[in-house]
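Before any comments, here is the structure.
The values are calculated or read from the model by the stated rules, or taken from the named source; none is laboratory data. Model, not experiment: these values are computed from the prediction. Here the Cβ is made from the backbone with ideal geometry for all residues, glycine too, and neighbour counts use every protein chain on show. These accessible areas exclude ligands, DNA and RNA; they are computed on the full protein's heavy atoms, side chains included. Shrake-Rupley method; radii C 1.70, N 1.55, O 1.52, S 1.80 Å.
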Amino acid sequence: MGPVMVRHLIDAGFEVRAISRSSSAPDTLPRSVEYWSGDICDRDFLRRAVKGVNLVFHLAARLHITNPGAELRADYRRVNVEGTRNVVDACLAEEVRRLVYFSTINVYGPTPGKYVDEDTPPHPEGIYGETKLAAEELVLAAKGSPSGEALGVVLRMAAIYGPRMKGNYPRLVKALSRGVFLPVGNGRNRRTLVYEQDAVRAALLAAQHPLAPGRIYNVSDGEIYILRDIIAAICAAIERRPSRFYLPVRPVRPLARVADGLAGLARRSLNLTAMVDKFVADIAVRAERIKRELAFQPLYGLQDGWKQAIAAWQKGEGF
């Protein structure tokens, strides 16, 4: 996601300074980018890194994994919460004009049988959503000086897909491509997505629009899909037929629990139960506010977004 954001900013005429922990990151960036390597938890480094900068886009985070152990849970707080606190403090100290924070619709938790929007109280499930919500509060509480205007804007991103996506969707694409995928459930659970190019366009708009500071915006392509339609769009892009069959959830979930229990006895971790629950989760998030207040209009729908993503993947880009 970071390289896509950088290229979009350069195309829009910005001078870009990129910060990453990875020593290999410069290989993925244009030569015009000023690159700084460092840790989000290093307060002194961050202050030096944002000096003289007008806009900061904060994408750094420990990303979602299933059932992290105690040590990883502590790291989620260190990176997602304390790291964000460091970013906010550095931006305030160096008088950055605006901070755009990439959050997630995971802060809402599952939404079975209902729709949620920015006015819905969040109920995150798991350490990832909890720490992202805590980081949001730090961003929204920050006030710049001397104006006292809100420093930050929070973007709750839907599931971002594209050539550089990570997580469950690349695994789904690869399984469908190999013809070894049999879905769990009837595929009628709802999902909310956004193509990566639209995600970065929304971020740039939030960085410049006068109404954005202090606000929370859900970012999606404006639609809510059922999982069956997402699978069909991927299959159309890879020129495969989606399976007509599926595994019913009711018998699969207890089998997954048994398998997880046996794995635990062997001191292994499969997390099959959590994987099943995530696959059948219902996440229906509305994103009208960003259209109404910032005039954001997504350019990519489900079919053309997946067509672009798969075409890039087949050329060896991303995933």
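General remarks:
- The chain: angle of helix 127-141 to the longest principal axis, Cα-based, in degrees nearest 10: 20
- Alpha carbon Rg of segment 1-52, scaled by the compact-globule rule 2.2 N^0.38 Å: 1.13
- Calculated log₁₀ intensity ratio I(q)/I(0) where the Debye formula runs over C-alpha points of segment 248-299, q = 0.25, 0.29 Å⁻¹: -0.92, -1.04
- Helix 302-314 vs. the chain, principal-axis angle (Cα, 0 to 90°, nearest 10): 90
- CD proxy at 222 nm, helix term only [per DSSP H run n ≥ 4: -39500 (n - 2.57); per residue of the chain; nearest 500]: -12500 deg cm²/dmol
- Only protein atoms count toward the accessible area here, which uses a 1.4 Å probe; on the chain, the carbon and sulfur part of that area reaches 51 percent.
- Theoretical FRET efficiency, 1/(1+(r/R0)^6), r = Cβ-Cβ of residue 180 and residue 304, R0 25 Å, to 0.05: 0.40
- Under 13 Å, Cβ to Cβ, from residue 259 - net charge with Lys/Arg +1 and Asp/Glu -1: +2
- Subset of 132/315; 132/166; 174/278; 51/143; 114/143 violating a 23 Å alpha-carbon distance limit: 132/315; 114/143
- Percent of alpha-carbon pairs separated by more than 12 Å within segment 156-209: 74
- Computed from the C-beta positions of residue 65 and residue 37 and an R0 of 41 Å, the FRET efficiency is 0.95 to the nearest 0.05.
- Estimated translational D of segment 45-163 in µm²/s (Stokes, Kirkwood radius over Cα pairs; 4 °C; 1.567 mPa s): 85
- From the coordinates of this entry, Rg/Rh (Cα atoms, Kirkwood Rh) is computed, and it appears in (i) 1.02; (ii) 0.97; (iii) 0.99 under the label (ii).
- Segment 219-319: translational diffusion in µm²/s, Stokes-Einstein, Kirkwood Rh over Cα pairs, 20 °C, 1.002 mPa s: 127
- The spread of Cα positions in segment 136-181, taken along each principal axis and listed from longest to shortest, comes to 59, 18, 11 Å.
- When each of the peptides 266-273, 56-63, 294-301 is scored by how many other beta carbons lie within 10 Å of its residues on average, the order from highest to lowest is 56-63, 294-301, 266-273.
- Principal semi-axes in Å for segment 132-252 [√(5λ), Cα gyration tensor, largest first]: 38, 15, 11
- Segment 70-101 and segment 226-298 have Cα centres separated by 30 Å.
- Applying 1/(1 + (r/R0)^6) with R0 = 22 Å to the Cβ-Cβ distance of residue 117 and residue 54 gives a FRET efficiency near 0.15.
- Contact order relative to length of the chain, as percent, for alpha carbon pairs under 8 angstrom and 6 or more apart: 19
- For segment 1-98, alpha-carbon Rg and Dmax in angstrom: 14.2, 44
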